[in-house]
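For reference, the structure discussed in these notes is given below.
Read-outs: derived from the displayed coordinates by stated rules, not from any lab. Predicted model, so just to flag it, every value in this text is computed and none were measured. Cβ: placed from backbone, ideal geometry, glycine included. Neighbour counts: every protein chain shown.
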Amino acid sequence: MMTKRAAATKTKAFTGPLGEELGELRKRALRVLRALRKAYPDAHVPLNYTSALELMIATILSAQCTDERVNEVTAPLFKKYRTAAQWSHIPLPKLEKLIYSTGFFRSKARSIHEATEDIAKFHGGGVPKTMDELLTLRGIGRKSANILIAHAFGGDGIIVDTHFSRISRRLGLTAEMDPTKIEFDLMEIVPRKRWTEFALLLNWHGRVTCYARKPECERCVARKKCPAFETRGAITWKVKIPASKKRSEDKTIWS
């Protein structure tokens, strides 16, 4: 017989924002996945790269910058600088000038400089493959680490970018706003072997259909599985908005 103390400490069952149990959420997420897979057979990572090092650098540059711009900037650089040691030896002022048009160039240049220096010194010149090791590199957070794990090393990763955050909330799969909490929610719902594909397809869907302000719900292939379809993208259920963002709740809920 379970004691009161044991009952109080028992892990709470996972439920979605709409009250769905984990099994229901998993079934609906897989239906969404199948619909998106059929709609976007050519979905791909929009950054151009041929190695883990190039993907890492492109990912750092992509913050607050379009993928098109990043690809323009990296095209000549990837031909000239091929190793972590070569990147780490670029004088910082020169590197800043080379990546200036991607924005936040000083911060990005320092991140690239220090990350490649650490890779050359402590990892034998190769980008590390584990989450813990990747997070020690400057400029690499969980999103960037998951991009590398999933697309450079063929592993499994839930990549939580702005598109993924927006759509996973609209689908009622999570009520979280924090990227890490969203990641862990979706890790429970989506089968591990589908993490990378699910994240890529939601990202793609956010780029071409499920826009932030005016989602094209009528042509959405996942509309029958989306609780936000009737409200044309508006989230009417409770979302866990941080106190710092509550002043602009009506705007944040759409992002």
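A few notes on this one:
- Extension gain (nm, one decimal) between Ala75 and Leu30, 0.36 nm per residue minus Cα-Cα: 12.5 nm
- P(r) weight above 25 Å for segment 1-129, C-alpha pairs, percent: 50 percent
- Label assignment, mean projected area of the Cα convex hull in nm² derived from the structure, set (i) 12.0; (ii) 15.8; (iii) 16.8: (iii)
- 20 °C / 1.002 mPa s Stokes-Einstein diffusion coefficient of segment 145-244, Kirkwood radius on C-alpha pairs, µm²/s: 155 µm²/s
- Segment Ser107-Thr66, length gained on full extension (0.36 nm per residue, minus Cα span): 13.1 nm
- Structure note, pairs Lys27/Lys181; Lys79/Lys181; Lys94/Lys193: Cα-Cα distances above 32 angstrom occur for Lys79/Lys181; Lys94/Lys193.
- Segment 157-213 and segment 55-110 have Cα centres lying 27 Å from one another.
- Entries in Lys38/Lys143; Lys143/Lys240; Lys129/Lys238 that, when Cα-Cα distance is taken, lie over 31 Å: Lys129/Lys238
- As a rough guide to protection, the peptides 130-136, 185-191 ranked by mean Cβ packing within 10 Å, highest first, stand as 185-191, 130-136.
- Here the Gaussian network model covers the chain, with springs between Cα atoms less than 10 Å apart; of Arg26, Arg82, Arg37, Arg82 fluctuates the most.
- Computed label-point distance, nm, for sites Glu188 and Glu114 using a 7 Å Cα→Cβ extension: 3.4 nm
- Spin-label proximity, Asp42 to segment 209-239 - amide N less than 17 Å from point 7 Å beyond Cα toward beta carbon: 209
- Ellipticity estimate at 222 nm from DSSP helix runs (n ≥ 4, -39,500 (n - 2.57)) divided over the chain, nearest 500: -14500 deg cm²/dmol
- Computed from the C-beta positions of Phe14 and Lys97, the FRET efficiency with R₀ = 45 Å rounds to 0.35.
- Using the Cβ-Cβ distance between Val239 and Thr83 with R0 set to 25 Å, the FRET efficiency works out to roughly 0.05.
- Measuring r between the beta carbons of Ala212 and Phe122 and using R0 = 35 Å, the FRET efficiency lands at 0.35.
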